[in-house]
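Encoded as structure tokens, the structure appears first; notes follow it.
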Amino acid sequence: MANVLIIDDEEKVCKLLTNVIGRLGHAVTASHTIQEGIEAALSGTFDVVFLDVLLPDGDGLDILPMIREAPSSPEVIIMTSQGNPDGAELAIRNGAWHYIEKPSPLEQITLPLVRALQYRDEKRASQRSVVLKRDGIIGDSPKMEACIELLAKAASSETNVFLLGETGTGKELFARAIHENSLRAKNNFVVVDCTILPDTLVESMLLGHEKGTFTGADRNQIGLIRQADGGTLFLDEVGELPLHMQKAFLRVLEERRFRPLGGKQEVGSDFRLVCATNRSLEEMVRQGTFRSDLLFRLRAMTIELPPLRDREMDIKELVIHHTTKICERYQLGTKGFSPDFFEVLCSYDWPGNVRELVHTLERTISVASHEPTLFPNHLPNHIRIHVTRSAVGESGYDACSMPVAHRGMDSSLPPIRDVREAAIAEAEEKYLRDLMLSTGGRMEDARRISGLSRARLYALLRKYGLSGTSKVQSLASQEAPL
């Protein structure tokens, strides 16, 4: 018996689905709003969620990532009476199992349910107790767990792997982990940084050359592709690979054979390819700077690494892990942490991601030296300033605006925590109101502009009572000129 959650505001739909799913022998729970649905998904254990799009307090697609990241990781079947191609694409990109337009015949509703439950049963049965080597890959947040699950699948296969993510998210760590957990682990892991390949020597470096092929070629040189024979070839920042080399490399990928520069015979290389980029190769294809046929071959399996700002719950574990390593390297004693040290780190948005965090810890420990506890004042000023300015906001507390008679009278002052929290709340609410007005309530645009994850954005909108479509329309009408 499976547990199924229905999130739909139409009583008739809920009753119909409850009866049909109940006859199949499964338990059903029904919720009628986004808020009720989220609370149920996060507190219960569900295998499948039927999620409506148009709900009284918002757009169901906005909470799809949050539902997928619930503890039971349910499969989500989207239902809507106003389907559109963009919504269907967004649903699939965010992990939906199926997309159904209402009304539909019962078999078109029950079949996706049966298939989703079959998939979950087979997935559980096939899962093996495998201990992955994940040196340096720290974190157990839902986004990281999803990436590690894909890492395990990639390691057990020979397919090409395409790693996406911002600079500093750990793409090389993942590439190395794929290699170390594969059957090729005993052979070479060859890293090629495409950003430093000179145009004039790129073919020679990748394919190799024979002695006397060009000026300075005083001996035979085995190329990087041949060095990866039997192992893994990691092309870092593959978007920087020169266009003239992309065609040659595509042939190497297809045939696993090539001719070194100046060579008379082709040679082979049985390598496994992993590549990474922080650029949009789709946009480069549209601009004519990257070959579409090569892109198709590269992204057989894609793993998109989340930025650190979207995995706040991993920061403490990352800090403890890297602080321990740094202290051991410099032969320093174990460091403790003040609670507000973590508060500051979790309030910063880390544009350089994990790499920036590690560099910050190295600098912080150097400043603290032999002091046993790390405090916020040990952190670089630019981080403390950024966090403080964000906390104060435009309407921050200004001691200079106090009446002279009250200056120095500490009995009239509120606790600084109260002032800080009030300032943050006022600034956040104003920002979110302006954000929803400027985007017309379009959550994808709001998420892109704010830089927040969908889950975090929705949580803040709920906090300030701004999550409903009707609320946004009400705000817009209030701001409209007379």
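Here, each number is a calculation from the coordinates, and none is a lab measurement. Everything numeric in this text was worked out from a predicted model, so none of it was measured. Because the Cβ atoms are built from the backbone with ideal geometry, glycine has one as well, and the counts that use them run over all protein chains shown.
Can you tell me, using C-alpha contacts under 8 Å and at least 6 residues apart, the relative contact order of the range 312-392 as a whole percent?
Normalised by residue count, the contact order of the range 312-392 is 35 percent.
According to the square roots a ≥ b ≥ c of the eigenvalues of the Cα gyration tensor, what is the shape class of the range 261-303, taking rounded for a/c under 1.5, prolate for a/b larger than b/c otherwise, and oblate for the remainder? The partial results should precede the final answer.
Details: a/c = 3.02, a/b = 1.67, b/c = 1.81.
It is oblate, given that a/c is not under 1.5 and a/b is not larger than b/c.
Between E283 and T213, what FRET efficiency comes out of the Förster formula 1/(1 + (r/R0)^6) with R0 = 41 Å and r the beta carbon distance, rounded to 0.05? Walk me through the numbers on the way to the answer.
Numbers: r = 36 Å, r/R0 = 0.88.
It comes out at approximately 0.70.
Give me I34, I77 ranked fewest to most by other Cβ atoms within 10 Å of their Cβ, as a rough exposure proxy. Provide the component values of the computation, followed by the final result.
Details: I34 25, I77 22.
Ordered from fewest to most neighbouring Cβ atoms within 10 Å, I34, I77 come out as I77, I34.
Any idea what the relative contact order of the range 111-196 is, in percent, if you count C-alpha pairs under 8 Å spaced at least 6 apart? Don't jump to the answer; show the numbers that get you there.
Values: 37 pairs, mean separation 25.4, N = 86.
So the answer I get is 30 percent.
Counting other C-beta atoms within 10 Å, and keeping those with at most 12, which DSSP coil trypsin sites (Lys or Arg not before Pro) do you find in the range 182-254?
On the way: sites: R184, K186, K211, R219, R226, K247, R251; in loops: R184, K186, K211, R219.
Here the trypsin sites (Lys or Arg not before Pro) that fit, given the DSSP loop and packing criteria, are K186, K211, R219.
Using DSSP to define loop residues, name the trypsin sites (Lys or Arg not before Pro) in the range 23-112 whose beta-carbon has at most 16 other beta-carbon atoms within 10 Å. Can you show the working numbers first?
On the way: sites: R23, R68, R93; in loops: none.
Counting only loop positions with at most 16 other Cβ atoms within 10 Å, none of the trypsin sites (Lys or Arg not before Pro) in the range 23-112 qualifies.
I need the phi-derived Karplus couplings for the range 206-221: 6.51 cos²θ - 1.76 cosθ + 1.60, θ = phi - 60°, integer Hz, Gly and Pro marked x.
Karplus values, whole Hz, x for Gly and Pro: 7, 8, x, 8, 8, 4, x, 5, 8, 4, x, 7, 8, 7, 5, 10.
In nm, give the distance between the simple-model label positions of D434 and S338, each being 7 Å from the Cα along the Cα-to-Cβ direction.
Calculated label separation equals 3.2 nm.
Quick query: amide H of L374 versus all other amide H atoms, modeled in the peptide plane; which residues come in under 5 Å with a sequence gap of 5 or more or a different chain?
So L374 has HN proximity to G336, F337, S338.
Separation of the range 289-316 and the range 325-383 by C-alpha centroid, Å?
Cα centres, the range 289-316 to the range 325-383: 28 Å.
What is the chain's relative contact order, in percent, from Cα pairs under 8 angstrom and six or more apart in sequence? Intermediate values should be presented prior to the final figure.
Values: 693 pairs, mean separation 58.5, N = 482.
Once divided by the residue count of the chain, the mean separation gives 12 percent.
If you stretched the chain out fully between K102 and T200, how much longer would it get, using 0.36 nm times the residue separation minus the C-alpha to C-alpha distance?
Numbers: separation 98, 0.36 × 98 = 35.28 nm, distance 5.89 nm.
Contour length minus Cα-Cα distance gives 29.4 nm.
Multiplying the sequence separation of C327 and N84 by 0.36 nm and subtracting their Cα-Cα distance, what value in nm do you get? Write down the numbers at each step before the final one.
Details: separation 243, 0.36 × 243 = 87.48 nm, distance 5.48 nm.
Difference between extended and current length: 82.0 nm.
Averaged across orientations, what area in nm² does the convex hull of the alpha carbons in the chain project? All intermediate terms of the calculation are to be shown ahead of the outcome.
Details: hull surface 131.3 nm².
Across all orientations, the chain yields a mean hull projection of 32.8 nm².
What does the convex hull of the Cα atoms come to per residue for the range 274-386, in Å³?
Values: hull volume 15.4 nm³, N = 113.
It comes to 136 Å³ per residue, whole-number rounded.
What is the gain in length, in nm to one decimal, between N19 and T167 on full extension, counting 0.36 nm per residue of separation less the C-alpha to C-alpha distance? Provide the component values of the computation, followed by the final result.
Values: separation 148, 0.36 × 148 = 53.28 nm, distance 5.00 nm.
Length difference between fully extended and current span is 48.3 nm.
Return the tail of the calculated pair distribution for the range 1-134, meaning the percent of Cα-Cα pairs more than 24 Å apart. Working shown, then result.
Values: 2192 of 8911 pairs.
Value for the range 1-134 (Cα pairs over 24 Å): 25 percent.
With a point put 7 Å past each Cα toward its Cβ, work out how far E362 is from S156 in nm, to one decimal.
3.7
If r is the Cβ-Cβ distance from R259 to M313 and R0 is 56 Å, what FRET efficiency results, to the nearest 0.05?
Details: r = 51 Å, r/R0 = 0.91.
Efficiency at R0 = 56 Å is approximately 0.65.
Suppose only helical runs count, i.e. DSSP H with n ≥ 4. What mean residue ellipticity at 222 nm does that imply for the chain under -39500 (n - 2.57) per run, divided by all residues and rounded to the nearest 500 deg cm²/dmol?
Working: 20 runs with 224 residues, N = 482.
Taken over the chain, the calculation gives -14000 deg cm²/dmol.
Using only Cα atoms, what is the ratio of the radius of gyration of the range 1-62 to 2.2 N^0.38 Å?
On the way: Rg = 11.0 Å, N = 62, 2.2 N^0.38 = 10.6 Å.
Taking N as the residue count of the range 1-62, the ratio is 1.04.
Using θ = phi - 60° and the Karplus form 6.51 cos²θ - 1.76 cosθ + 1.60, what ³J(HN,Hα) does each residue of the range 90-102 get, whole Hz, x for Gly and Pro?
4, 4, 5, 4, 8, x, 5, 6, 7, 10, 10, 8, 9
Among the lysines, select those whose C-alpha is under 24 Å from the C-alpha of K102, and discard any that sit fewer than 8 residues away in the same chain.
Partners found: K12, K15.
List the residues, sorted by chain then number, that are 5 or more residues from G263 or on another chain and whose placed amide H is less than 5 Å from its amide H.
The answer is E210.
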